[in-house]
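Take this structure first; my questions come after.
The values are calculated or read from the model by the stated rules, or taken from the named source; none is laboratory data. Values in this document were obtained by computation on a predicted structure and should not be read as measured data. Note that we place each Cβ from the backbone using ideal geometry, even for glycine, and neighbour counts take in every protein chain shown.
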Amino acid sequence: MKRTALLISLLALSLSGCDGQGPSNELNVSVLGGSVRLRSPTDQPKGADAALLGAIGQGLVRFDAGAEIEPGVAMRWARSDDGLYYTFRLDRELAEAEPTARRLRALVRDQRGRGYGDTLDAILEIRAVTPEVIEIRLSSPRPELMALLASPSFALLQDGRGTGPLEIAADGRRSKILAPKVDPSQKASGEGASRGDKRRIVLRGERPALAVARFASGQAALITGGGFVDVAYPRLAGIAPTSILADPATGLFGFRISRRAAPLMAVEIRQALSMALDRDAIGDALGAPGWRSSHAILPPGLTDIAQPTRPFWARAIANVRGADRQDVAQRVADARRIVAGWCRTHNCSGRLDLTVAMPDGTGAALLFAALRRQWRTIGVDIERVRPGERADLSLLDEVAPADQADWYLAHFLCARGGPCSEEADRAYMAARTEADPAARARLIAEAERRLAAIAPFIPLAQPVRWSLAARELEGFRLNARAIHPLAPLIRNQNAR
């Protein structure tokens, strides 16, 4: 940790001698991760690559600063009452219906089976109805479809160029300079040239230490894309807590069973591992801003399940920070008895040995140390391995694209492996083809109850996502999707 703090300080000193903020019309933005490159939507870009693609190649719709759906290529849209038809009226200055429908069909074909569950499988037809209207027809309702169409994976590019809202004004080796896209007619008349030169973003993809040092030295207005693995960097750099902004992200952050080892096939052992955790203490060890402990697969407040099933050992815990610790000693004692009893029956010498797959990073090291310390008190020893290596438990850290139970439950279908429930699978599959909202809600609730009963997941908290933003920065908003588009930073969010 001391070496990391020293590295950040040295980087900040090296940056302070140069005017990294550039001219007054340039806004420096760094997204944590690798370098920034323009990739195809079918590459499923992440980090700075996704930010770049979303900025220059909007889809039918796009995300605004609050991760709400706003017009992209489509000016307006409508959904049928049964949720089976979506109609989009395009801005003819940006795109025409037939070639746009053709590109969308190609994207759907290429993206099938690549992490979107059965959302794309429900698309029966994408067709141009008129020169400015596109219709998407589904076999069954998919409420998450609009969020998917707004993602960079469905950006509309042609020959490496998009329809905006930004465009690449200069292409550097380590950065991209982006400016508001100007209509060709304005360019020809010279009307838009000066406007495009006034506001620009210098976008970089950077390692956490360098990005945080850049912000600490005043050479960046925004750092985004932070997660639990690098959450310690701002604190080590002496960044003011008021500048460390945590998204109220919802999703899955915890451990799934990745190998059918005998202990983890026993529901009581999975429950013991979960009930033994002092989640607030883990959040304190990480120093994670906005830490929100989680005891169940689903967070509260989803559109189809407002109050998810809590595990039996957590039902008496009030939903306030600190209450989890009131009965942690009793839960640890119960978990220790469960593990000892299982070991007596299965001759495991009084202790269980498990492997845990986790990524690299300071935050991961802190998390592993906290887990090892807490699980040792119940007779469980863990060894850390890298992601992709053979492991008993694998860390799952994903932000949900929508406030629907479907996305969460799909992670624990029998086709995904690990402990599962065939009855939950059947209820889930029936819900995905059910057009009646009330019947669908009942089926989703049944699937959730059955999964909660078998504890296929050991939740820790809601996903940790953080940013650093200059106090005067406009157009940046925290949101539950942890999505921060670039265009609102330098232009009116409703600008076309």
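For Gln158, work out the one condition from (1) closer than 26 Å to Ile56 by Cβ; (2) touching a Pro at 6+ places or on another chain (Cβ under 9 Å); (3) buried (at least 20 other Cβ atoms within 10 Å of the Cβ) it doesn't fulfil.
(3)
Inside the stretch 139-153, can you point out the residues that are touching an Asp or Glu at 6+ places or on another chain (Cβ under 9 Å) and outside any helix (DSSP H, G or I)?
Residues satisfying the conditions are Ser139, Ser140, Pro141, Arg142, Pro143, Glu144, Ala150.
Please pick out the residue among Leu178, Leu210, Leu156 that is at pLDDT 90 or above and either in a helix (DSSP H, G or I) or closer than 30 Å to Asp353 by Cβ (or both).
Leu210
For the stretch 287-318, which positions are assigned to a helix (DSSP H, G or I) and either touching a His at 6+ places or on another chain (Cβ under 9 Å) or farther than 26 Å from Leu443 by Cα (or both)?
Result: Trp313, Ala314.
Any chance the stretch 136-146 includes a residue that's over 20 Å from Met75 (Cα atoms), touching a Pro at 6+ places or on another chain (Cβ under 8 Å) and not assigned by TED's automatic domain parsing to the domain that holds Trp407?
Among the residues of the stretch 136-146, not one is over 20 Å from Met75 (Cα atoms), touching a Pro at 6+ places or on another chain (Cβ under 8 Å) and not assigned by TED's automatic domain parsing to the domain that holds Trp407, which makes the answer no.
Is there any pair with a first residue in the stretch 336-356 that is under 12 Å from Ile269 (Cβ atoms) and touching a residue at least 60 places away in the same chain (Cβ under 8 Å) and a second that is part of a strand (DSSP E or B) and among the β-branched types (Val, Ile, Thr) whose Cβ atoms are under 7 Å apart and which are 6 or more apart or on different chains, and what are they?
Val339/Val380; Leu352/Val380; Leu354/Val380; Leu354/Ile382
Then there's this: Six or more apart or on different chains, Cβ under 6 Å: which pairs go from a residue in the stretch 284-298 that's under 24 Å from Phe412 (Cβ atoms) to one that's among the polar types (S, T, N, Q)? Could you list them?
Arg292/Gln462; Ser294/Gln462
Taking strands (runs of 3 or more DSSP E) that do not extend beyond the stretch 27-137, which have at least 2 residues that are at pLDDT 95 or above and surrounded by 21 or more Cβ atoms within 10 Å (Cβ to Cβ)?
Passing ranges, in order: 61-63, 85-90.
Can you tell me which residue within the stretch 358-402, out of those that are of a type in the set (A, V, I, L, M, F, W, C) and free of Cβ contacts under 8 Å to residues at least 60 places away in the same chain, is farthest from Cys343 (Cα to Cα)?
Only one residue fits best here, namely Ala365.
Looking only at the stretch 353-373, which residues are among the polar types (S, T, N, Q) and over 27 Å from the mean Cα position of the chain (by Cα)?
none
Another one. Spot the failing condition for Leu396; the list is (1) at pLDDT 95 or above; (2) farther than 26 Å from Asp284 by Cα; (3) surrounded by fewer than 19 Cβ atoms within 10 Å (Cβ to Cβ), and only one is missed.
Condition (2) is where Leu396 drops out.
What single numbered condition from (1) within 30 Å of Asp334 (Cβ to Cβ); (2) at pLDDT below 95; (3) not in a loop (DSSP other than H, G, I, E, B) fails to hold for Arg373?
So the condition that Arg373 fails would be (2).
Could you list, in sequence order, the residues of the stretch 216-238 that are in a loop (DSSP other than H, G, I, E, B) and under 20 Å from Leu203 (Cα atoms)?
Within the stretch 216-238, Ser217, Gly218, Gln219, Ala220, Ala221, Gly227 qualify.
Among the residues of the stretch 462-492, count how many are at positive phi and in contact with a strand residue (DSSP E or B) (Cβ under 7 Å, 6 or more places away or on another chain).
Count: 1.
When you go through (1) within 24 Å of the chain's Cα centre (by Cα); (2) in a helix (DSSP H, G or I); (3) surrounded by 22 or more Cβ atoms within 10 Å (Cβ to Cβ) one by one for Asp284, which number turns out not to apply?
Condition (3) is where Asp284 drops out.
Moving on to the next point. Kindly list the number of the only condition in (1) surrounded by fewer than 22 Cβ atoms within 10 Å (Cβ to Cβ); (2) over 19 Å from the mean Cα position of the chain (by Cα) that fails for Ala447.
Every listed condition holds for Ala447 apart from (1).
Among the strands (runs of 3 or more DSSP E) confined wholly to the stretch 381-496, which include 2 or more residues that are in contact with a Pro (Cβ under 7 Å, 6 or more places away or on another chain)?
Counting at least 2 such residues, we get 393-399, 466-469.
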